[in-house]
1. Taking Cα atoms, how many degrees apart are the long axis of helix 8-20 and the longest axis of the chain, rounded to 10 and kept between 0 and 90?
2. Determine the sum of side-chain charges near Gly54: Lys and Arg each +1, Asp and Glu each -1, restricted to other residues whose C-beta is under 13 angstrom from that of Gly54.
3. Answer with one residue from Trp18, Gly76, Leu89: the one whose Cα lies farthest towards the positive end of the charge dipole of the chain, charges on Cβ with Lys, Arg +1 and Asp, Glu -1.
4. Distance between the C-alpha centers of the range 1-29 and the range 75-94? Whole Å please.
5. Highest mean first, what order results for 97-106, 32-41, 12-21, 77-86 on Cβ atoms within 10 Å?
6. What's the tally of Lys pairs in the chain whose alpha-carbon atoms lie under 29 angstrom apart, where the two lysines are 8 or more places apart or on different chains?
7. Rounding to the nearest 10 and keeping the result within 0 to 90°, find how far the Cα-based axis of helix 69-84 lies from the longest principal axis of the chain.
8. Show that you can apply the helix-only estimate: for the chain, add -39,500 (n - 2.57) for every DSSP H stretch of four or more residues, divide by all residues, and state [θ] at 222 nm to the nearest 500.
Amino acid sequence: MATPKIFESEYRFCLILWEREPVKSTELVRLCRERLGWSKATTYTVIKRLAERGVLKSENAVVTSLVSKQEAQAAGLDELVEKTFEGSLPAFVAAFSKKKLRAEDVAALRRMIDEYED
């Protein structure tokens, strides 16, 4: 099953949720007001929208995620590669070649490639 799309403002909301979950919806309202400047109505609208898309669930006023931060990040990255680099992972990686990579970054990339090939 594909990870549901999470838009930028929803992602900022999810960061709060992932940090605190499970969390009461009233606490989310407070946190979103403090961190995002959202009204109560906006927060509840986002909770409802994300629940409808299967990103989270809200039961008995307690909100928990159904999509992990890692899943959301991977889906966003897949979308970026598809949209910006025409689906080419090598083109995506090549975009970073303009930036000086540290030796430990190169080693980590080599390990990832080696693990993928096994």
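Just so it is clear, none of the values below were taken in a lab; they were calculated from the coordinates. The structure presented is a predicted model; accordingly, all values stated were derived computationally and were not measured. Reconstructed Cβ throughout: ideal geometry from the backbone, glycine too, with neighbour counts over all protein chains shown.
1. The angle comes out near 80 degrees.
2. Numbers: positive: Lys5, Lys48, Arg49, Arg53, Lys57; negative: Glu10, Glu52, Glu71.
So the surrounding residues net to +2.
3. Of the listed residues, the answer is Trp18.
4. The range 1-29 and the range 75-94 have Cα centres spaced 24 Å from each other.
5. Numbers: 97-106: 8.7, 32-41: 13.7, 12-21: 17.1, 77-86: 12.2.
With the highest mean Cβ count within 10 Å placed first, the list reads 12-21, 32-41, 77-86, 97-106.
6. So the count works out to 24.
7. Relative to the chain, helix 69-84 is tipped by roughly 60 degrees.
8. -20000 deg cm²/dmol
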